[in-house]
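Take a look at the structure set out below.
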Amino acid sequence: MKKFVAIFPGQGTQFIGMLSDLYKKYKIIKETFYLASEILGYDLWYLTQKGPLKKLNKTYYTQPAILASSIAIYNLWLYKNNIRPDIVTGYSLGEYTAMVCSGIISFSDAIKIVEFRGKLMYKISCNLNDFYTTGYYMKTIIGLKKK
């Protein structure tokens with residue numbers, strides 16, 4: 001028997017018009033975005049389709065958009081194939097999608113968490129001068145070599 005792994009993306013995969021073709025064809029895509037919009041209190045689908053991109057790229061909009069998109073695609077996969085992956089994983093933000101897909105947290109809780117996470121990340125990035133002076137800030141390290 002074949003084994004399947006679902007790997008979910010992190011932030012940076014968003015773009016205006018994402019999932020538009022699938023939205024037209026599959027009710028499950030619409031339902032996922034409708035539910036996300038109800039939870040968030042704004043029309044997430046409209047934002048992903050019409051933008052503006054500058055707004056969509058703000059982390060507190062980006063992260064719910066990517067989570068909803070990933071969950072919608074996962075639900076479509078289940079609907080069309082009726083096969084659950086043996087392993088689910090994700091990169092950074094994608095870990096929240098993996099947790100929803102594995103039943104660890106609900107979609108409702110995840111969308112609220114990633115919106116809050118996005119707000120914190122946005123606040124940190126906007127106030128870096130304050131954080132530098134207090135010693136609290138985030139950095140990314142890429143390319144470390146193991147000795």
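Before moving on, here are some points about what is shown:
- Checking each residue in the range 9-31 for being closer than 24 Å to Thr89 by Cβ and assigned to a loop (DSSP other than H, G, I, E, B) picks out Pro9, Gly10, Gln11, Gly12, Thr13, Gln14, Phe15, Met18, Leu19.
- Extreme residue, modelled with the highest pLDDT, among residues of the range 110-138 that are part of a loop (DSSP other than H, G, I, E, B) and more than 30 Å from Val5 (Cβ to Cβ): Asn127
- Number of the exception - Pro85 against (1) touching a strand residue (DSSP E or B) at 6+ places or on another chain (Cβ under 6 Å); (2) farther than 26 Å from Lys123 by Cα; (3) not in a loop (DSSP other than H, G, I, E, B): (3)
- Scope the range 32-46; condition free of Cβ contacts under 8 Å to residues at least 24 places away in the same chain and in a helix (DSSP H, G or I); matching residues: Tyr34, Ser37, Glu38, Trp45, Tyr46
- Qualifying positions in the range 47-60 - closer than 22 Å to Gly90 by Cβ and in a loop (DSSP other than H, G, I, E, B): Asn57, Lys58
- Residues of the range 46-60 that turn out to be touching a Gly at 6+ places or on another chain (Cβ under 7 Å) and either at pLDDT below 95 or crowded, with 20+ Cβ neighbours inside 10 Å (or both), as a count: 1
- Considering the conditions (1) within 12 Å of the chain's Cα centre (by Cα); (2) of a type outside the set (Val, Ile, Thr); (3) farther than 30 Å from Ile124 by Cα, Pro64 is excluded by exactly one of them, (3).
- Qualifying residues in the range 1-45 (those that are within 21 Å of Cys101 (Cβ to Cβ), β-branched (Val, Ile, Thr) and under 16 Å from the mean Cα position of the chain (by Cα)) - the one surrounded by the fewest Cβ atoms within 10 Å (Cβ to Cβ): Ile7
- Hey, Ala65 assigned to a helix (DSSP H, G or I), out of contact with any strand residue (DSSP E or B) (no Cβ under 8 Å at 6 or more places or on another chain) and either within 18 Å of Pro9 (Cα to Cα) or touching a residue at least 12 places away in the same chain (Cβ under 8 Å) (or both) or not: yes
- Test: residue in the range 101-109 that is free of Cβ contacts under 8 Å to residues at least 12 places away in the same chain, hydrophobic (A, V, I, L, M, F, W, C) and part of a loop (DSSP other than H, G, I, E, B): yes
The values are calculated or read from the model by the stated rules, or taken from the named source; none is laboratory data. The model shown is predicted, which means the values in this text are computed figures rather than measured ones. Don't worry about glycine lacking a Cβ; one is built from the backbone with ideal geometry, like all the others, and counts go over all protein chains shown.
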